[in-house]
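Just below is one structure, and these are the notes that go with it.
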Amino acid sequence: MDRDAYRNCCSLVKIPRPSYEQFWSSHFVDYIDKDLNYSKFFKKYLLPNHPCMFSRRFTEDWKCRKQWVSEEGKPNFQKLLQEFDETPVPVANCNAKEYNANPKQVMPFKEFIHYWKEYIKNGHSSPKGCLYLKDWHMARDYPEHNVYSTPVFFSSDWLNEYWDTLEVDDYRFVYMGPKGSWTPFHADVFRSYSWSANICGRKKWLLYPPGQEEFLRDTHGNLPYDVTSAELRDRSLFPRSEEACQPLEIIQEAGEIIFVPSGWHHQVYNLEDTISINHNWLNGCNVDIMWQFLQSELSSVQKEIDEWRNTMDSWHQHCQVIMKACSGINYAEFASFLKILAEHRMSVLNACSSGNSSDYPRHLSETLTTLGPYHAAFDLQRVAHIIECLLCNEDFKRLDHSTLTLQPETMLQQIRDTIQSTRGQHLLYQE
């Protein structure tokens, strides 16, 4: 991040997001084929939460674009089998519905490839249904492979930074699916951003701007499984569906990367046999959207078990337990998430002050150096804003703060002291 970008957003308390009205009647997103610096991407797409597509030139140096793809542009099954063979992988059945998703099973990689080859031979059909390898943590399972690199535009990634620090999980995935495989209507985990790169094949994306999904709910408040279903035209089932705008329909070619912003609900189809790499990620530009989502998730849990509120002394604690089981995170873990992110960035700015880069978290040194001290300071200001929101939240106040890794008032003061110190040494220029 450069100085001008920092200066323009350093005083922001609430991220201003212009209306998405321009996308209600448009079928186009910006196509980026030329060099774009990070600060321009930050200001034009991250802050306003707008989608875009990057051309294949941004992936042309990736090893997987060469090693996983045949000369005909198809998946190179022989090479893939050499690399992954017996590896257990998660596979969804696109022809089956379980709640609002496809049920998954785990099978050896070679078994999925055998199925895929037979599926192609049979004219893209199988009595087993249409199977789709998805949400495979390939980068975590094979860290030495280095078959792709995260573009700098997506490198301010708090979500994976947090999980890498804990060495527990990540949100970096490989998807492999035959022609006709698809992903039902959804928005991404924690309302994160996502980026998705086609290694080979083509996808069709249907994207709805934030807020439009409200018109697509049925009479019970549920979102559709398939947003193209004829059921949506039934006013007795989906009374407001006609008020929704038409989705952005985007065709993604081999090598291209799509940026899907926070809260944009979408449905995705593989138009050909396709391999893609997908990351979910969060940063200072959309952490407020994550916080709004968490409040909404807790509110839903509280409504579900409201009848037991007066019969349980630990009702609020039970709500947090259920929330974590349903959403993957609760308020205590969110506070831990903010603490770790803040500590890393304070290390960056303190290292800039001392000139000693050995203070950096080792696994983040390259990323944090590339993004620079202005980005670290912006991040800290965003963390501070969310901590202030936590301190005003009645449900957060009810937590047992003695058990939290984050002591909010202490962390707020440390953040303010760090930023003030670096400004005082002219590391962060401000007029």
Review point. Just checking, how many residues over the range 375-413 are in a helix (DSSP H, G or I), among the aliphatic types (A, V, I, L, M) and more than 21 Å from residue 344 (Cβ to Cβ)?
Key: 1
**Study point:** Candidates 117, 204, 179, filtered to the one that is of a type in the set (Lys, Arg), in a loop (DSSP other than H, G, I, E, B) and open to solvent by 20 Å² or more (accessible area, probe 1.4 Å)
**Key:** 179
Check your understanding: How many of the residues making up the range 372-427 are surrounded by 20 or more Cβ atoms within 10 Å (Cβ to Cβ) and among the charged types (D, E, K, R)?
Key -> 2
Review point. Among the numbered criteria (1) part of a helix (DSSP H, G or I); (2) of a type in the set (D, E, K, R); (3) surrounded by fewer than 20 Cβ atoms within 10 Å (Cβ to Cβ), which single criterion is violated by residue 161?
Key: (3)
Review point. Within the range 296-351, can you find the residues that are farther than 27 Å from residue 412 by Cβ and basic (Lys, Arg)?
Key: 303, 309
Check your understanding: Any residue at all in the range 277-287 that is open to solvent by 10 Å² or more (accessible area, probe 1.4 Å), in contact with a strand residue (DSSP E or B) (Cβ under 7 Å, 6 or more places away or on another chain) and in contact (Cβ under 8 Å) with a residue 40 or more places away in the chain?
Key -> yes
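The values are calculated or read from the model by the stated rules, or taken from the named source; none is laboratory data. Here the structure is a predicted model, which is why all the values come from computation and not from measurement. As a convention, Cβ positions derive from the backbone with ideal geometry for all residues, glycine included, and neighbour counts pool all protein chains shown. Surface areas here come from the heavy atoms of the whole protein model, side chains and all, with no ligands, DNA or RNA. Shrake-Rupley method; radii C 1.70, N 1.55, O 1.52, S 1.80 Å.
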